[in-house]
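Peer 1: Here you go, one structure.
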Amino acid sequence: MATLAYSDIPGYPCRRGKVRDVYDLGDRLVLVATDRLSAFDWVLPTPIPGKGQILTALTLFWLDYLQIPNHLLSTDLAEMGPAFAARAADLEGRTCLVRKAAVVPLECVVRGYLAGSGWKEYQCDGTVCGIALPPGLRQSARLPEPIFTPATKEESGHDRNISFAEMTDRIGSELAVELRRRSLDVYRRAADYAHARGLILADTKFEWGLMPDGTILLIDEVLTPDSSRYWPADEYREGISPPSFDKQFVRDWLESTTWDKNSPPPELPAEIVERTAAKYREAYERLTR
Ligand SMILES: Nc1ncnc2c1ncn2[C@@H]1O[C@H](COP(=O)(O)OP(=O)(O)OP(=O)(O)O)[C@@H](O)[C@H]1O
Ligand SMILES: [Mg+2]
């Protein structure tokens, strides 16, 4: 299994995200999940072997489990064209052909627990994305019920949490209500499933897209460790920040170096790479065994 930091398919325009390389085939896209890892908003120079395949396999697993309208067309490289099929050694297992949708320009975040930017906002004013929560909640507390907390997709810098009212202003009330309903529904189903396998799905981010006929599709990656915060249930407690399932070794190691987070990050040591790769494999095993 080849490690892949950057794909390069001749003849197709490519847009590189932090992790995925996206090729435009007109009405369809090819999404290549590379082995790139981002931390502290930087793409690290060292890829994590197997990560792209795990992210892809988990997205495929969840799409199959959820059975809701989504963008997936095929994982058969031959259907993407000869240029893709010729790179099978690099692309197999990490590549999806999807319907190109008009991306709803918002991150549809659902939170079942108080972590990350939600915890920060709650400490300041007792709300998350303007939703009032009971007083006295501790870090990582389970919320009385899951909440929908949309955010903008910023080209550079951090995504910005917005209120549901602002979401309604941006995309209209009918679509906003529908995306909230769908996002909460998928979160609840996935969190129940994960919990039965010893994982807490603290929060997750969905992207939704529209087809020309108005159909709403679930797009992008689905419930992967990159788009979600999974905690091992046996290490969960209120009042602490439970270890992130996948990136904790990397974050801890980077924090232990002299790196200032404002300049290109250093190469990761082999041990950190291997431990991180093992965590991605473990997430996959736990969720799909
Ligand atoms: N079916 C689809 N139609 C149109 N765009 C899609 C579809 N599925 C995914 N995308 C887009 O493809 C891109 C995937 O790339 P990736 O997630 O690596 O980059 P990013 O979202 O720009 O960066 P990051 O996630 O690292 O912040 C996203 O911009 C996503 O919105
Ligand atoms: Mg993305």
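Peer 1: So, restricting to strands (runs of 3 or more DSSP E) that lie completely within region 191-289, which ones have at least 1 residues that are at pLDDT below 95? Lay out the reasoning, then the answer.
Peer 2: Values: elements: 199-210, 216-219, 228-232.
Per the criteria, 228-232.
Peer 1: So which of THR3, THR56 is part of a helix (DSSP H, G or I), closer than 20 Å to ASP226 by Cβ and of a type in the set (Val, Ile, Thr)? Explain how you work it out, then say what you get.
Peer 2: Working: THR3 fails: part of a helix (DSSP H, G or I).
Of THR3, THR56, the one residue that is part of a helix (DSSP H, G or I), closer than 20 Å to ASP226 by Cβ and of a type in the set (Val, Ile, Thr) is THR56.
Peer 1: Could you list, in sequence order, the residues of region 234-257 that are of a type in the set (Asp, Glu) and surrounded by fewer than 18 Cβ atoms within 10 Å (Cβ to Cβ)? Steps first, please.
Peer 2: Filtering region 234-257 for residues of a type in the set (Asp, Glu) gives 234-235, 238, 246, 252, 255.
Those that are of a type in the set (Asp, Glu) and surrounded by fewer than 18 Cβ atoms within 10 Å (Cβ to Cβ): ASP234, GLU235, GLU238, ASP252, GLU255.
Peer 1: Something else about it: Please verify whether region 210-230 includes one or more residues that are away from ligand 1 (no atom under 16 Å from the Cβ), within 21 Å of PHE40 (Cα to Cα) and touching a residue at least 60 places away in the same chain (Cβ under 8 Å). Walk me through it before giving the result.
Peer 2: Restricting attention to region 210-230, the residues satisfying the condition of being away from ligand 1 (no atom under 16 Å from the Cβ) are 230.
With the extra rule that they be within 21 Å of PHE40 (Cα to Cα), the set shrinks to 230.
Filter once more, keeping what is touching a residue at least 60 places away in the same chain (Cβ under 8 Å): none.
The answer is no, given that none of the residues of region 210-230 is away from ligand 1 (no atom under 16 Å from the Cβ), within 21 Å of PHE40 (Cα to Cα) and touching a residue at least 60 places away in the same chain (Cβ under 8 Å).
Peer 1: Only one of LEU31, LEU58 is buried (at least 16 other Cβ atoms within 10 Å of the Cβ) and away from ligand 2 (no atom under 13 Å from the Cβ); which? Before you say what the answer is, go through the steps one by one.
Peer 2: Values: LEU31 fails: away from ligand 2 (no atom under 13 Å from the Cβ).
Only one candidate qualifies: LEU58.
Peer 1: Quick check, is ARG87 within 13 Å of ligand 1 (Cβ to nearest atom) and open to solvent by 20 Å² or more (accessible area, probe 1.4 Å)? Outline the logic, then answer.
Peer 2: On the way: within 13 Å of ligand 1 (Cβ to nearest atom): no; open to solvent by 20 Å² or more (accessible area, probe 1.4 Å): yes.
It is false that ARG87 is within 13 Å of ligand 1 (Cβ to nearest atom) and open to solvent by 20 Å² or more (accessible area, probe 1.4 Å).
Peer 1: What pairs come out if I take residues in region 277-289 that are open to solvent by less than 40 Å² (accessible area, probe 1.4 Å) and pair them with residues that are assigned to a helix (DSSP H, G or I) and not aromatic (Phe, Trp, Tyr) whose C-beta lies under 6 Å away, six or more apart or interchain?
Peer 2: Listed by first residue and then by second, the contacts come to TYR280/LYS51; TYR280/ILE54.
The values are calculated or read from the model by the stated rules, or taken from the named source; none is laboratory data. Computed from a predicted structure; not experimentally measured. Quick reminder, even Gly has a Cβ in these numbers, built from the backbone with ideal geometry, and neighbours come from all protein chains shown. All accessible areas refer to the heavy atoms of the entire protein, side chains included, with ligands and DNA or RNA removed. Shrake-Rupley method; radii C 1.70, N 1.55, O 1.52, S 1.80 Å.
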